[in-house]
Structures are given as C-alpha cells and as structure tokens.
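Chemist: I'd like to ask some things about the structure below.
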Amino acid sequence: MAKSSGSGAHQQMSLDLLPSALLATVMTKLDIASIRSLACTCKAFHSCASHMLCFIPSFHLLDIAPPAEYIRPLLPPNPYLRSLKVDCMRLDDSSLDCLLQPTLQELCLHNCADFSGRLLSQVGQYCKDLRFLYLSSLAEKRGRSIDVSDLEVLFGGCTQLETLILMFDVSMFLRHNFARVWSIAPTTLVSLEMGYISSVMVTELLSPPVAPYQSIEHIRPSILPGIQKLCLSVDYITDTMISTITNNINCLTHLDLRDSPIMEPRLAFDLTNAGIQQINLHGRLKHLSLVRSQEIFPAYFKRVNDLGILLMADRCSDMESICLGGFCQVTDTGFRTILHSCSKIFKLRIYHGPHLTDLVFHDIAATSLTLTHVSLRWCNLLTNHGVARLVSNGNLSVLDLRDCRNIGDDALRTISNLSELKALLIDGSDISDMGLSHLSKGAMRSLVSLSIRGCKRLTDNCISFLFDESSNCELRELDLSNIPNLSDAGILLLAKRRIPLLELRMRQCPLISDTSIMVLASMKVDEEGWYGSSLRLLDLYNCGGITQLSFQWLKKPYFPRLRWLGVSSSVSRDVLDALSRNRPFLHIVFHGEELGMTGQWDNSDDLYMHDYDEVDELEQWLEGENEGDEDIQEAENNADPML
C-alpha cells in the first residue's frame, strides 16, 4: 500500500506515453457514450477523444440538444463518418456545413424547426452516398412553405436513398409540381414515412402521370415502384387512397395509415367495406395499421363493419401484425375472424373497439397463435374473464389495456403468471392496492415498464405491495400519474426500495409536494451511486404541492442524469430561467405535453427499449471545454490507482 502513490504515478505516466494512434484505434470501436465516458477520466483520454472525432464512424447525440458552439468542435471533417444522429433544437441553417459530411450514409436530424427548406437541397448536394434520411419538424418555426425545388435537388443528388422519413407537415410543399418531383425519386427507395400529408396529395403523388396524347389505357410506369414500407398520417383515409396505394405499389409489405378528421367524413372522403377489401391484393402485406384518431374530433370508421373485415381477412393469412383503431361498427365476429384467419400474427392492437367483448378470446387457446404484443385500448366491454383467456397465451411481452375500465384485481392475478412480460399498461382500470400484490409474486420480476395512471382506487400502499423487499425488480419506467390518493408517503416508500428507475411520471397528483422531490433528490440507488442518479425523466406537471423550493433540489448536483422535466405552467418564468441556466441541456416542458414522445407512430413496442447512458459524461465534457482542465486534473488526483 505504501507504494500505491508511486505505482499510480508510474501507471499514469505509462498511459500518457501510449501512442495516440493506438488509443484512437481502440476508441473508434466504442460508441459515443463510451468515448465520452473515457474523456472524463484523465487528460490522455480527453486529448485522444478530441482528436479521434476525426475518425469515428458513428456520431449519435439525441439525449441533449447542443448549440452550434458545442456541436462544431464535436464534428470536425471526418472521412470515416457514416452515421449521424443529432437533436437540432438549438441549431439552424448556419450549422449545415458541419452536419452534412459527404461520407454519410445515415442521417437523422430531429427537431429541425429553425431550419429552412434549404436543408433538403443541401443534403442532396453534399450527401450523395446517403441511404437513410430522417428529418423532423422541418421549418415549423418559420411558418412558410417549402419550395418543392429543394426536394427535387434532394432526389437528384441522393440517388442511392433507401429510407426517407419526413416527420413534418409535407403539405407545406407547394402542390404545384409536387407530384412530378416524386416521379424522379430514387428507384432504390423502399421505405417512406410522412408526418402529415393530405389524402388528395397522396393520390396525386402515387398516380402515374399521363403524357400528352397518351391513352388512359396505356400502361404507365409506377411511381415509387420499390416501396415496401409506407407510413402516412393524413386528413382522411379514403377508398380512393387505398385503391391508389394498392394498384400502384406492388411490393408493399408494411402499410401504416393514420388520420384525424376535423369533422364527420362524407362518403367520398371515408373508408368503406369496398375500400378495405382492396387491401393486400398482391398478398405481400405483413404489417397493417389503420387508425382513426379522436384527438381533434370524435370520428370513427362508421362505414366498415364485420363484412368488410371478413373480406379483408381472406387475403391476410400471412399477416404478422395488425392494428385497427376506431372501427366502431366491427363486433366480436370481425375481430375473431382476424385471430382465426391470421395464424402468423404476433402483434395485435385494437383501439376504440366499443363492441369487442370477452368472446373474442373465448377459444384463443384452440388456435396456433403466438402473440407477443397485444394492445386493447378503450375496449370497455372487456372484463377479467377475457383477460384470463388472452393471457393463456404465455408468450406476451407487451400488454396494453389502457382505459379498459372493467379490468380489476382478478385480471392482475392471471397477468402475474406471464414470465416474459416486459411492459404492462393498465391506466384507468378498476384495480386496488391488494390487486397489485399479485404482480409482485410473478410478472414484477420481468417487468421493465409499468403504467397505472388514473387508477383511482390506489393509495400509497400500492408501492409497498408492488415492491417486495425480497424481490429482484427490473422496473425502469413507472407511471403513477393522476392517482388522487398518492402522497409523499408513497414516494418515500419508493425511495426506500432503491428502485433504479429511469422514468417516473407523477403528473396531476394533488398530494405530491416538495417533500417528494427532496426524497428523490436524496435517494441513492446503491451505496456507490450519486444522489438521485438514475432518473432521466421526471414528470411533475400539475402536482398540487410543488413550490419554488423544489427547484432548488432540481438543480445540480442533484439528479445528474435528468434529461426531461415536466412542470406546471404556473411556475414563475424567472425560476424556470434560473433552472435552464443551471442545466442548459435539460428539456423543460410546462404546457402539459407528454414527455419523451419524439414520434407520432405508436411506440408501445419501444416502451422498454430505451438506450440510456450510464452517466452524464457528455455534459461534463462539453462544459469542461469552456472551463479548462482543472476538473480533469482533480479527477486524476482523486482517482484510485490501477491494480
């Protein structure tokens, strides 16, 4: 032990003497999270990490939104860079020169609201080898249309593009020449997703143009002939649009359509039995999702009934995933037909099925189905008996029963037998504290995500029933929102269990106060960990007892990994500004939005698939660039000598 200091100094000297090329070669095998972990440990790794940014093949930075002055040093010219993923919330067109590198094959730019449509043309000019392109919220803050010529330059330059995801309002493109530009889209394109586009524009886009003096009967080349995956959010799902898609895209294997009408659709702007039976005419479809959202107006697919589902099911024997939302005229007969006709299905989602009852699953044990993902939201006729039949399929890993209000404790007793269950969502159900005790005896050992939002009968005791001190809990995401009787005492019980949660939602809990925040901030997951170290997301929106005192505990050094915070809009702007200055990379939401929702497609598959970093090294690294090497030197002095 007497030699430990000298030994440590000798080994530190040896680390400094290692060739930088050797260190860089090793670090290029790591992801950005591991690289930034090493950069905070000593001067040698910090220097190497700064230099090897010129050689890394992938740069993924989505957990924080760096400003331009931080992103530029991290993205020097790099001839080896193939994949770039960045949150661009604090960037604009002036950052394009460092983002768009010619060797890129995958480019994902999130939250591009401050960019103009010029981003599209610049991608086409500088990223000619691109295979995958994701853009979200493009030009949303600018409030103006995007010139279709920018899209034309994109298609002309990225001739090898295979996946295009435009998660913004595509109707911002001027309709003039919009359809013509898509006729020059790369023939390599196999996947297309759009955040919003009108059904009329979809029909125009996919309909092959008729040349002058050409007969209508003349066989015309298809637009986007190689498309296999098509995901669109539209104003209305119509028979005409379904017919256009089916007749012009022969290779389609994945079809995801979602609409949100602002009024009750007329016959010409709706889906009927005649339209739904045209789905999968070519027999290649594996995934089908048709959802009518009630977010704006309570509209449903009133012109599709059991007959339409029966006619569609005849062609769906090879289907693997089906999602139907808003089919209010379909009864048990139609839904049972899907289960018995589609023997290969493993994902089933039904939303707003007012006529779905327990009979759908009455004889499910007699089928050869191996369901792994089931979502039955807003199916209020489903009871404990139907759930018992459903979970006889013991392979379930995701079970979503949100807003099925007749589900109670007996259902939890059967659900507890699911040994492979990873995500369980039972919001708004009629469960009690005692009912949750069933989970602790079985499924709780495998659960990673649990949501019991809006279960009014629950109290603080639900925490002690859920988390048995003797059980090995894998839970990382917990939603306790809108539980009127949940108080600080319940959060204290949660903290005592030392569950390493990554996400905790407690929105609209009137009895939650500053005490809960102090308890969470002081919690240690283990003896070696930091205070409150595990939480990445904390939702406190509209909690009754939160005052300015809580914000003192939300500042550093507490909650060092926190990335998302939800608070009430009544919080003083000065308090929020002070917190933002203290934690510049924290996403603070105060208008009631759901936290962490980055896409508009159903993400229930990914509820337990988040890739969180071990510690918060990048923030240290970025801020350290402006503060000098004092912190690194201190870390080196305090580091344990290597053995």
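The values are calculated or read from the model by the stated rules, or taken from the named source; none is laboratory data. None of these values were measured; they are calculated from a predicted model. We place every Cβ from the backbone using ideal geometry, glycine too, and count neighbours over all the protein chains shown. These accessible areas exclude ligands, DNA and RNA; they are computed on the full protein's heavy atoms, side chains included. Shrake-Rupley method; radii C 1.70, N 1.55, O 1.52, S 1.80 Å.
Chemist: Using a simple spin-label model with points 7 Å from Cα along the Cα→Cβ vector, what separation in nm is obtained for Ser580 and Ser368?
Modeler: 5.9 nm
Chemist: Determine one quarter of the surface area of the Cα convex hull of the stretch 327-462, which equals its mean projected area, and express it in nm² to one decimal.
Modeler: Answer in nm², one decimal: 7.2.
Chemist: Give me the accessible area per residue for the stretch 60-132, probe 1.4 Å, as a whole number in Å².
Modeler: Ligands and nucleic acids excluded, the result is 37 Å² per residue.
Chemist: Hey, another quick one. Compute the orientation-averaged projected area for the stretch 426-570 from the convex hull of its Cα atoms and round it to one decimal in nm².
Modeler: About 7.8 nm², averaged over all directions.
Chemist: Now for a separate question. So for the stretch 34-126, what percent of the C-alpha to C-alpha distances run longer than 17 Å?
Modeler: Across the stretch 34-126, Cα pairs with separations above 17 Å total 50 percent.
Chemist: Using a 1.4 Å probe on the protein heavy atoms, what percent of the accessible area of the stretch 273-337 belongs to carbon and sulfur?
Modeler: 48 percent
Chemist: Rg and Dmax of the stretch 99-185, Cα atoms, in Å?
Modeler: 11.9, 33
Chemist: Continuing with this model, one more query. Please list the three semi-axes, largest first and in whole Å, of the ellipsoid equivalent to the stretch 280-362, using sqrt of 5 times the eigenvalues of its alpha carbon gyration tensor.
Modeler: Ellipsoid semi-axes (Å, largest first): 20, 15, 12.
Chemist: Taking 41 Å as R0, compute the FRET efficiency from the Cβ-Cβ separation of Lys344 and Ile184 and round it to 0.05.
Modeler: The formula returns an efficiency of 0.65 here.
Chemist: Tell me, what is the per residue accessible area of the stretch 329-386 in Å², probe radius 1.4 Å?
Modeler: About 39 Å² of surface per residue is accessible.
Chemist: Can you work out the accessible area per residue across the stretch 396-497, with the rest of the protein chains kept in place, probe 1.4 Å, in square angstrom?
Modeler: Computed with neighbouring chains in place, this is 34 Å² per residue.
Chemist: Relative contact order for the stretch 341-463 using alpha-carbon pairs under 8 Å, separation at least 6, rounded to a whole percent?
Modeler: Dividing the mean separation by the residue count of the stretch 341-463 yields 20 percent.
Chemist: How large is the convex hull of the C-alpha atoms of the stretch 406-503 per residue, in Å³?
Modeler: Cα convex hull per residue, to the nearest whole number: 80 Å³.
Chemist: On the accessible surface of the stretch 376-436, probed at 1.4 Å, how many percent belong to carbon and sulfur atoms?
Modeler: 44 percent
Chemist: Say R0 is 30 Å: what FRET efficiency, to the nearest 0.05, do Val589 and Ala68 get from their beta-carbon distance?
Modeler: 0.85
Chemist: Hey, another quick one. If you take every residue apart from Glu106 with its C-beta less than 13 Å away from the C-beta of Glu106, what net charge results, scoring Lys and Arg +1 and Asp and Glu -1?
Modeler: Charge balance near Glu106 sits at +1.
Chemist: For a quick protection proxy, order the peptides 78-87, 547-556 by their average other-Cβ count within 10 Å, most packed first.
Modeler: With the highest mean Cβ count within 10 Å placed first, the list reads 78-87, 547-556.
Chemist: Which pairs break 27 Å Cα to Cα here: Lys347/Lys496; Lys85/Lys141; Lys29/Lys347; Lys29/Lys422; Lys29/Lys555?
Modeler: Violating the 27 Å limit, Cα to Cα: Lys347/Lys496; Lys29/Lys347; Lys29/Lys422; Lys29/Lys555.
Chemist: Rounded to the nearest percent, how much of the accessible area of the stretch 14-86 (1.4 Å probe, protein heavy atoms only) is carbon and sulfur?
Modeler: The nonpolar share, carbon plus sulfur, comes to 67 percent.
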